[in-house]
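Derivation of every value follows stated rules applied to the coordinates shown; laboratory data play no part. It should be emphasised that the depicted structure is a prediction, and the values quoted were computed from it without experimental measurement. Cβ coordinates were reconstructed from backbone atoms using ideal geometry, including for glycine residues, and neighbour counts include every protein chain displayed.
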Amino acid sequence: MRWDKEIEMAEGWRGIFAVLQTPLTEVDAIDMQVMARQVEFSVACGSHGLVYPVLGGEFQYLTDAERADALKVVCETTAKRIPVVAGVAAPSRAVATELARSAAEAGADALIALPPYISPASLDQVMDYYRAIAEVGLPIMIQHAPIVPLPPPFLVRLLTEIKEVKYLKEEREPSAHNLTQVIQDAGDECLGIFGGGHGRWMMSEMERGSSGFMPAAQTLDLYVKTWDAFQAGDRAEARRLYNAHLPLINQLIMVGLQVCKEVLVRRGVFENNLMRTPGAVQMDEGDHLELDAILEELSDLIGFK
């Protein structure tokens, strides 16, 4: 079945797209009320789009039913105010295709997928995987992360040979170098390359022509301010904001996604910082004290309830 939704992105999407976290209840169910609250928070922070569920949302630890139900809440709450990019990564072509159909039914505007990520796939199999997802008819973004590395020339092939594959989220190091190569080699066939990695290379990637970034939502307003300053030509202000953000970005990278959820708790969005990921690093007292100091320094740049 093919969804004949028109691809209306001749100039491509740009800006900051929030990667939503998965809020959990005390009994390990997805808290749909908090999920809707996170959507509203992201819109209020100026997000240009939403992404769910991907690695930052612990997608690989959710059931297919949970993924579908939570995405439906995201799409319904967003109500077409900004685009929703649905994560449909899966271990196989068949599962990814089914998730893509479900995402289209939920009202997603585009799809994002890692290549098959459990058993190693050949490049031909990866090509077939994205061709199958493309049959749904929505624009596709490749998520290029370290867990499934692909050669940059092959990324260019995906972008130029499959009509629906229009975007790339580049997270494999050196991400800025990869971004430059794909921009040069893919040309107009690629409508946009977005950065990830919590925006740790944001300044370098903006200088190289990044179309935007996909960070978690906890300090989305600060990412948006940094992006807006750079787009307005105020590189000094963009770098000031970026430098102010780096201590938190460093803690996110060192400790993990629980920091994202903890900041959302402190900002009145989440009820707790519970993780679904088995073996996830848990913040200790020292982490909380460090976060206290970091957020105090950011208090003039982000809001708290």
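Quick notes on this structure:
- Global form of the stretch 114-235, assessed from the alpha-carbon gyration tensor, a/c cut-off 1.5: prolate
- At an R0 of 30 angstrom, the distance between the Cβ atoms of Q33 and S299 translates into a FRET efficiency of 0.65.
- Among 195-208, 88-101, 232-245, the order from most to least packed when residues are scored by Cβ within 10 Å on average: 195-208, 88-101, 232-245
- The shape of the stretch 15-232 comes out oblate: with a ≥ b ≥ c from the C-alpha gyration tensor, a/c is at least 1.5 while a/b does not beat b/c.
- Residue among F213, F59, F154 with the largest mean-square fluctuation in a Gaussian network model of the chain, springs linking Cα atoms under 10 Å: F154
- Shown for the chain: lysine pairs separated by 8 or more places, or found on different chains, whose C-alpha atoms are under 30 Å apart, numbering 24.
- R0 of 25 Å, Cβ-Cβ distance Y61-D128: FRET efficiency to nearest 0.05: 0.45
- Förster radius 45 Å - calculated FRET efficiency between Q231 and A94 (Cβ-Cβ, nearest 0.05): 0.65
- Mean-square fluctuations from a GNM of the chain, with a 10 angstrom spring cutoff on Cα atoms, peak among I183, I193, I133 at I183.
- Each label was represented as a point 7 Å from its Cα along the Cα-to-Cβ direction; for R239 and R266 these points are 2.7 nm apart.
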